[in-house]
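K.L.:
Below you will find the structure I want to go over with you.
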Amino acid sequence: MSTAAVVSAIKESGAAGTGLRIAGRSTWLDAGRPVRADGTLSLNDDNGVVSYVPGDLTLTVRAGTQLSEIERVTREHDQWLPLDPYGSSDGTIGATVATASAGPLASSFGLPRDLLLGLEFVNGRGEVVRGGGKVVKNVAGFDLSRLLTGSWGTLGVITEVTLRLYALPNTDRTFAIPLNGSEKEIATLVRAIVVSPLTPYALQLLNPQAARSLGLGEHSVCLIRFGGNDAVVRSQVNALSHIARLEEEESTIWTRLRQLDGGAHTTIRIVSMPLRFLATSARILADDIPGIYTCIDPHRGVLRIVVGADGKNGDGGAAAIGESIDFHEGGIGSSQVIFEKLPPEVWSAVSPSVVSDGLSQGVKRAFDPHNILNPGILGD
Amino acid sequence: MTQPIAAQSPAHSQSTQSAVAERLAEIVGERHVLSRPSELLVYNSDGLPGYRRQPSLAVFPGTREETVAVVRLLANEGLPFVPRGAGTGLSGGALADDIVVIGLHRLKKIISLDVENRRATVEPGVVNLRLNKHVAPHGLLYAPDPSSEAACTIGGNVAENAGGPHCLKYGVTLNHVLALTVVLPNGEVVELGSKVGERNGYDLRGAFIGSEGCFGLALDITVKLTPKPQTVRTLLADFMSVDAAAHVTSAIIASGIVPAALEFMDGPTIRVVEDSIYAAGYPRDAEAILLIELDGLEAGVSADLEAVRRICINGGARNVKVARDDAERTKLWQGRKKAFGAMGRLAPHLIVQDAVIPRTRLPEILATIRNISEKYRVVVCNVFHAGDGNLHPNIAYSADDPDESERVHKAMTEIMQACIDAGGSITGEHGVGLDKMGYMEAIFSESSLNAMCELRGVFDPERRSNPGKVVPVHACKEWHAVSGGRLRMGTVSSTAPEPRPVEAEPSHPSAR
């Protein structure tokens with residue numbers, strides 16, 4: 001697979017008027033709305049490093065490159081791509097950018113849109129387009145890179161990306177703080193951590209179901225990760241130990257947290273004002289329904305709900321989600337509810353389309369006039 | 001430069017223009033519409049003095065409703081327009097060539113401030129510095145800090161995707177704008193992005209930021225605010241060679257430390273600044289200085305400070321001085337931020353470039369710039385965001401001297417080419433505007449430029465908002481196909497002349 005192969009696949013589909021399912025490693029094909037496709041265009045074999053100059057802290061890779069491969073290549077130079085989307089680290093960078101997927105590290109390193117410097121894609125007419133560039137700062141031309149990020153393959157097939165890297169920190173430590181008091185005690189402790197001057201790499205509050213599944217005990221838990229030079233990590237751990245009881249965890253806990261989604265039929269992200277979530281976090285965490293994992297990133301204001309990951313609650317999933325959202329609606333106000341994964345039959349009722357506005361329709365027509373790229377995945 | 005039909009169409013008569021002026025005055029009040037050539041002179045350039053274009057009218061709405069009404073009136077008339085903030089841009093992007101300029105500086109309300117969630121919603125005419133003064137008492141700041149922060153507006157920042165020294169650590173405008181209310185060129189009002197930071201669907205906010213006024217006007221902008229760092233330390237390292245300072249820059253970046261800012265000034269710049277009222281106490285005999293700022297938690301900053309100092313000394317720094325207090329720190333920054341202004345001392349005109357190169361190529365490119373400046377007998381002042389690889393080679397000259405202008409122009413073209421050849425970009429934060437349009441084809445393929453045209457066509461199908469900027473018209477396939485039949489007064493024509501390549505443009509006496 002190469003850009004030229006993507007071009008000819010798209011041109012063929014365009015001529016035949018058939019839809020194409022765009023895929024990376026095909027590990028997350030059940031996300032998004034059902035796609036009306038006749039064939040699959042997999043980028044899995046189009047992988048590898050195109051250019052990497054460690055001194056520039058930038059990396060250009062083919063879209064099919066797995067996140068684990070990027071980790072391996074950059075680690076050799078004590079660098080990393082601080083992007084940890086939920087799911088397996090065998091997922092591809094192309095799919096990660098296309099779906100704008102991020103994880104706990106986003107609270108300090110940003111979303112894919114913040115780490116992406118440029119990309120190459122093939123639009124729905126089979127034209128090869130580049131946006132951005134390979135340098136860390138660039139305002140030349142209209143921003144096609146941001147436009148493609150999170151477009152779920154519907155505007156073009158991403159074939160290559162250039163990313164900003166960071167140096168691996170000298171020290172990287174993770175702690176678990178059990179949240180096992182009353183709702184009020186939990187609220188007070190969480191607030192003390194969140195509004196402190198600490199600058200953790202990542203901070204997640206997990207409900208008891210999620211904590212249990214990770215072997216972190218029977219209660220809700222706060223997972224916190226510090227990175228940087230030895231002095232800055234030591235001083236923060238020291239400061240935190242005055243307000244909470246800390247239990248050090250292996251950093252692999254984050255990999256396991258990302259994989260909690262495995263097998264879930266439903267994942268929903270609710271993004272709100274950070275403080276709103278902070279105020280209701282203790283109540284949300286108390287929501288201990290078997291088969292439902294909730295994780296809160298109080299710095300970003302993101303609540304992630306995973307339903308049915310362990311086979312429980314397979315049938316009543318949709319109902320349970322409805323309950324969860326209703327339950328919290330009063331407390332989170334003007335939030336964005338982002339559905340990643342739902343049972344296929346539920347989509348049309350819950351979220352038929354996220355691209356029905358005039359501008360989005362215009363963008364789609366401009367970039368994929370024959371509607372052959374992942375048709376239906378964002379709705380019509 | 002795309003010409004409005006003004007010059008070609010007999011329909012564009014003086015009386016029609018005054019009729020439009022009258023109707024605009026009904027919306028915004030008579031004193032907020034300018035139509036006399038003498039009054040419009042002020043709006044015939046931006047911060048880059050090499051370009052002059054005279055608008056036909058200038059209108060200054062005072063409220064969001066007035067702004068929408070103005071845009072709708074122009075839409076109904078099919079008239080092109082150029083949105084303008086403070087006019088501090090450095091790409092010729094806010095120039096209106098015999099068309100209407102919509103000045104947004106009167107829209108300067110800070111609409112809301114949410115301290116706990118660290119967000120502010122502002123009108124487009126709010127000046128960066130004013131927003132920062134407004135949020136500072138709450139321990140917050142708005143991170144993007146263009147050198148013109150005392151005058152430039154958030155709306156202008158959005159249009160250009162503005163940067164600044166501290167973007168090295170904190171990111172550019174695009175990383176700090178969460179949501180926008182936009183009036184599209186057809187008068188429709190839309191919400192882009194979301195105040196909570198993420199939303200479903202296409203990232204139209206991302207597409208709008210940096211669209212240089214070609215996609216419409218922002219009516220309000222919700223930005224993310226950043227907590228003021230606990231500790232800030234500013235170092236000044238001076239060097240007896242440009243090369244040593246360039247290598248130290250690369251070494252700091254490669255070390256993995258992310259300074260809040262890492263700025264470079266060469267000998268000619270140092271001496272210009274020290275001769276000016278902005279004298280910052282830089283060592284006059286140095287061939288280069290690095291201004292390095294580290295911020296964050298005290299413990300971490302101290303450790304990084306020692307590491308950076310070591311890198312500087314090992315790399316040949318003569319002295320490394322750490323600012324003792326805020327006053328000293330402010331003074332060190334003042335010299336850097338006012339360096340462009342200080343260059344006014346050298347000669348009446350100044351060309352400012354904005355190329356970006358991969359950071360490991362810095363020593364080599366600076367040597368190339370030196371060779372080019374010697375070849376053309378021009379003095380290049382380098383003052384730039386070294387940590388990002390964002391160069392600003394500037395040449396002060398007299399545009400009234402044709403021979404000098406010619407040499408300056410050739411030198412700049414060669415410098416730009418060297419940056420492109422190194423795998424860089426033609427602009428890091430100033431935008432393409434008019435100034436760099438001629439280089440777009442050097443870094444983007446035909447199909448990439450066409451995709452940009454198509455994206456623009458979604459926001460502004462009639463191409464009336466800031467016509468003739470950013471992407472050369474001849475690069476837009478579809479635009480050729482558009483029939484030239486439906487022409488009304490001032491409507492942008494698909495048969496308009498193609499933009500002249502930059503080689504024949506600005507910074508050139510003939511263009512003035």
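K.L.:
Any idea which of (1) away from chain A (no Cβ under 14 Å); (2) more than 22 Å from the chain's Cα centre (by Cα); (3) closer than 26 Å to B:HIS392 by Cβ is the one B:ALA327 doesn't satisfy?
P.N.:
(3)
K.L.:
Same structure, new question: Restricting to helices (runs of 4 or more DSSP H) lying wholly in the range B:77-192: which have 3 or more residues that are within 30 Å of B:SER56 (Cβ to Cβ) and in contact with a strand residue (DSSP E or B) (Cβ under 8 Å, 6 or more places away or on another chain)?
P.N.:
Numbers: elements: B:128-135, B:154-160, B:167-170.
In the range B:77-192, B:154-160 are the helices (runs of 4 or more DSSP H) which contain 3 or more residues that are within 30 Å of B:SER56 (Cβ to Cβ) and in contact with a strand residue (DSSP E or B) (Cβ under 8 Å, 6 or more places away or on another chain).
K.L.:
While we're here: Take the range A:152-162 and flag every residue that is within 14 Å of chain B (Cβ to nearest Cβ) and under 30 Å from B:SER255 (Cα atoms).
P.N.:
Residues of the range A:152-162 within 14 Å of chain B (Cβ to nearest Cβ): A:152-160, A:162.
A:GLU160, A:THR162 - these are the residues of the range A:152-162 that are within 14 Å of chain B (Cβ to nearest Cβ) and under 30 Å from B:SER255 (Cα atoms).
K.L.:
Okay, next question. Does A:GLY87 meet the test of being over 23 Å from A:SER145 (Cα atoms), buried (at least 18 other Cβ atoms within 10 Å of the Cβ) and within 17 Å of the chain's Cα centre (by Cα)?
P.N.:
Numbers: over 23 Å from A:SER145 (Cα atoms): yes; buried (at least 18 other Cβ atoms within 10 Å of the Cβ): yes; within 17 Å of the chain's Cα centre (by Cα): yes.
The answer is yes for A:GLY87.
K.L.:
What single numbered condition from (1) without any contact (Cβ under 8 Å) to a residue 24 or more places away in the chain; (2) under 24 Å from A:VAL53 (Cβ atoms) fails to hold for B:GLU306?
P.N.:
Here B:GLU306 clears every test but (2).
K.L.:
Then there is this: Determine, yes or no, whether A:VAL97 is at the interface with chain B (Cβ under 10 Å from one of its Cβ atoms) and crowded, with 21+ Cβ neighbours inside 10 Å.
P.N.:
Values: at the interface with chain B (Cβ under 10 Å from one of its Cβ atoms): no; crowded, with 21+ Cβ neighbours inside 10 Å: yes.
It is false that A:VAL97 is at the interface with chain B (Cβ under 10 Å from one of its Cβ atoms) and crowded, with 21+ Cβ neighbours inside 10 Å.
K.L.:
Considering the range B:194-233 alone, what residues qualify as being over 26 Å from B:ALA323 (Cβ atoms), within 11 Å of chain A (Cβ to nearest Cβ) and not in a loop (DSSP other than H, G, I, E, B)?
P.N.:
From the range B:194-233, those over 26 Å from B:ALA323 (Cβ atoms) are B:194-224; that's our starting set.
From what's left, within 11 Å of chain A (Cβ to nearest Cβ): B:194-212, B:214-216, B:224.
Of everything in the range B:194-233, those that are over 26 Å from B:ALA323 (Cβ atoms), within 11 Å of chain A (Cβ to nearest Cβ) and not in a loop (DSSP other than H, G, I, E, B) turn out to be B:LEU204, B:ARG205, B:GLY206, B:ALA207, B:PHE208, B:LYS224.
K.L.:
Of all residues in the range A:164-210, which are surrounded by fewer than 16 Cβ atoms within 10 Å (Cβ to Cβ), within 13 Å of chain B (Cβ to nearest Cβ) and over 30 Å from A:HIS77 (Cα atoms)?
P.N.:
A:VAL195, A:SER196, A:PRO197
K.L.:
Which of the numbered conditions does A:ARG130 fail, given that it passes all the others? Conditions: (1) in contact with a helix residue (DSSP H, G or I) (Cβ under 6 Å, 6 or more places away or on another chain); (2) closer than 27 Å to A:PRO34 by Cβ; (3) not in a helix (DSSP H, G or I).
P.N.:
Exception for A:ARG130: condition (2).
K.L.:
Report yes if some residue within the range B:312-329 is within 29 Å of A:GLY141 (Cβ to Cβ) and touching a helix residue (DSSP H, G or I) at 6+ places or on another chain (Cβ under 6 Å); otherwise report no.
P.N.:
Initial filter on the range B:312-329 (within 29 Å of A:GLY141 (Cβ to Cβ)): none.
Scanning the range B:312-329 turns up no residue that is within 29 Å of A:GLY141 (Cβ to Cβ) and touching a helix residue (DSSP H, G or I) at 6+ places or on another chain (Cβ under 6 Å).
K.L.:
Would you say A:PRO112 is within 17 Å of A:ARG304 (Cβ to Cβ), out of contact with any Leu (no Cβ under 7 Å at 6 or more places or on another chain) and not assigned by TED's automatic domain parsing to the domain that holds A:LEU205? Write out each step before concluding.
P.N.:
Values: within 17 Å of A:ARG304 (Cβ to Cβ): yes; out of contact with any Leu (no Cβ under 7 Å at 6 or more places or on another chain): no; not assigned by TED's automatic domain parsing to the domain that holds A:LEU205: yes.
Answer is no for this residue.
K.L.:
I would also like to ask the following. Scan the range A:362-379 and report the pairs whose first residue is closer than 14 Å to A:SER348 by Cα and facing another protein chain (nearest Cβ under 8 Å) and whose second residue is part of a helix (DSSP H, G or I) and of a type outside the set (Phe, Trp, Tyr), with Cβ atoms within less than 9 Å and a gap of 6+ or a chain change.
P.N.:
Every condition considered, the pairs that remain are A:LEU378/A:SER360; A:LEU378/A:LYS364.
K.L.:
Inspect the range B:147-170 for any residue being over 18 Å from B:ALA86 (Cβ atoms) and among the acidic types (Asp, Glu) and give the result as yes or no.
P.N.:
No, the range B:147-170 has no match at all.
K.L.:
Hey, among the residues in the range A:214-245 that are surrounded by fewer than 17 Cβ atoms within 10 Å (Cβ to Cβ) and under 27 Å from the mean Cα position of the chain (by Cα), which one's nearest to A:ILE289 (Cα to Cα)?
P.N.:
Ranking the candidates gives A:GLU218 first.
K.L.:
Could you please find all residues in the range A:236-266 being within 14 Å of another protein chain (Cβ to nearest Cβ) and in contact (Cβ under 8 Å) with a residue 12 or more places away in the chain?
P.N.:
A:GLN236, A:VAL237, A:ALA239, A:LEU240
K.L.:
Starting from residues that are under 31 Å from the mean Cα position of the chain (by Cα) and of a type in the set (D, E, K, R), keep the ones in the range B:284-303 and report whichever is surrounded by the fewest Cβ atoms within 10 Å (Cβ to Cβ).
P.N.:
B:ARG284
K.L.:
Tell me, which residue of the range A:71-84 that is of a type in the set (A, V, I, L, M, F, W, C) and away from every other protein chain (no Cβ under 14 Å) is surrounded by the most Cβ atoms within 10 Å (Cβ to Cβ)? Break it down into steps so the answer makes sense when it comes.
P.N.:
Filtering the range A:71-84 down to residues of a type in the set (A, V, I, L, M, F, W, C) leaves A:73, A:80-81, A:83.
Next cut, away from every other protein chain (no Cβ under 14 Å) only: A:73, A:83.
On the way: A:VAL73: 18, A:LEU83: 25.
Applying the filter and picking the extreme gives A:LEU83.
K.L.:
When you look at B:ASP266, is it away from chain A (no Cβ under 14 Å) and either of a type in the set (Phe, Trp, Tyr) or surrounded by 24 or more Cβ atoms within 10 Å (Cβ to Cβ) (or both), yes or no? I'd like the intermediate steps shown before the answer.
P.N.:
Details: away from chain A (no Cβ under 14 Å): yes; either of a type in the set (Phe, Trp, Tyr) or surrounded by 24 or more Cβ atoms within 10 Å (Cβ to Cβ) (or both): yes.
For B:ASP266, the condition - away from chain A (no Cβ under 14 Å) and either of a type in the set (Phe, Trp, Tyr) or surrounded by 24 or more Cβ atoms within 10 Å (Cβ to Cβ) (or both) - is met.
K.L.:
Right, another one. For the range B:447-465, which residues satisfy the criterion of being within 9 Å of chain A (Cβ to nearest Cβ) and either over 13 Å from A:PHE121 (Cβ atoms) or of a type in the set (A, V, I, L, M) (or both)? Explain how you work it out, then say what you get.
P.N.:
First, the residues of the range B:447-465 that are within 9 Å of chain A (Cβ to nearest Cβ): B:447-459, B:461.
The answer is B:LEU449, B:ASN450, B:ALA451, B:MET452, B:CYS453, B:GLU454, B:LEU455, B:ARG456, B:GLY457, B:VAL458, B:PHE459, B:PRO461.
K.L.:
Return the residues of the range A:272-287 that are of a type in the set (Asp, Glu) and under 21 Å from the mean Cα position of the chain (by Cα); say none if nothing qualifies. So that I can check it myself, show each step before the final result.
P.N.:
Just the residues of the range A:272-287 that are of a type in the set (Asp, Glu), to begin with: A:287.
Residues satisfying the conditions do not exist here.
K.L.:
Continuing with this model, one more query. If you check A:THR294, A:THR280, which single one turns out to be hydroxyl-bearing (Ser, Thr, Tyr) and buried (at least 22 other Cβ atoms within 10 Å of the Cβ)?
P.N.:
On the way: A:THR280 fails: buried (at least 22 other Cβ atoms within 10 Å of the Cβ).
Of the residues listed, the single one that is hydroxyl-bearing (Ser, Thr, Tyr) and buried (at least 22 other Cβ atoms within 10 Å of the Cβ) is A:THR294.
K.L.:
Can you name the residue in the range B:234-255 that is part of a strand (DSSP E or B) and within 27 Å of the chain's Cα centre (by Cα) and, of all such residues, is surrounded by the most Cβ atoms within 10 Å (Cβ to Cβ)?
P.N.:
B:LEU236
K.L.:
So B:ARG370 clears everything in (1) part of a loop (DSSP other than H, G, I, E, B); (2) over 20 Å from the mean Cα position of the chain (by Cα); (3) touching a residue at least 40 places away in the same chain (Cβ under 8 Å) except one condition, right? Which one?
P.N.:
Among (1) part of a loop (DSSP other than H, G, I, E, B); (2) over 20 Å from the mean Cα position of the chain (by Cα); (3) touching a residue at least 40 places away in the same chain (Cβ under 8 Å), B:ARG370 violates only (1).
K.L.:
With a cut-off of at least 3 residues that are more than 14 Å from every other protein chain (Cβ to nearest Cβ) and surrounded by fewer than 19 Cβ atoms within 10 Å (Cβ to Cβ), name the strands (runs of 3 or more DSSP E) lying wholly within the range A:19-70. Full working, then the answer.
P.N.:
Numbers: elements: A:20-23, A:39-42, A:49-53, A:58-62.
Output list reads A:39-42.
K.L.:
What's the number of the condition B:VAL258 fails, among (1) over 24 Å from B:LEU332 (Cα atoms); (2) touching a residue at least 40 places away in the same chain (Cβ under 8 Å); (3) surrounded by fewer than 22 Cβ atoms within 10 Å (Cβ to Cβ)?
P.N.:
Evaluating B:VAL258 over (1) over 24 Å from B:LEU332 (Cα atoms); (2) touching a residue at least 40 places away in the same chain (Cβ under 8 Å); (3) surrounded by fewer than 22 Cβ atoms within 10 Å (Cβ to Cβ) leaves (1) as the failure.
K.L.:
Count, please, the residues in the range B:21-53 that happen to be within 15 Å of B:GLY87 (Cβ to Cβ) and surrounded by 16 or more Cβ atoms within 10 Å (Cβ to Cβ).
P.N.:
Filtering the range B:21-53 for residues within 15 Å of B:GLY87 (Cβ to Cβ) gives B:34, B:39-53.
Still in the list and also surrounded by 16 or more Cβ atoms within 10 Å (Cβ to Cβ): B:34, B:40, B:43-51, B:53.
Number satisfying all stated conditions: 12.
K.L.:
From B:ALA25, B:ALA86, B:ALA69, B:ALA96, which residue is under 28 Å from B:ASP220 (Cβ atoms) and in contact (Cβ under 8 Å) with a residue 60 or more places away in the chain? Steps first, answer last, please.
P.N.:
Details: B:ALA25 fails: in contact (Cβ under 8 Å) with a residue 60 or more places away in the chain; B:ALA69 fails: in contact (Cβ under 8 Å) with a residue 60 or more places away in the chain; B:ALA96 fails: in contact (Cβ under 8 Å) with a residue 60 or more places away in the chain.
When all the criteria are applied, what remains is B:ALA86.
K.L.:
Which numbered condition in (1) surrounded by fewer than 24 Cβ atoms within 10 Å (Cβ to Cβ); (2) under 22 Å from the mean Cα position of the chain (by Cα) is the only one that B:GLY187 fails?
P.N.:
Status for B:GLY187: all satisfied but (2).
The values are calculated or read from the model by the stated rules, or taken from the named source; none is laboratory data. Keep in mind that what you see is a predicted model, and the values were worked out from it rather than measured. Every residue, glycine as well, gets a Cβ built from its backbone with ideal geometry; the counts of neighbours run over all protein chains shown.
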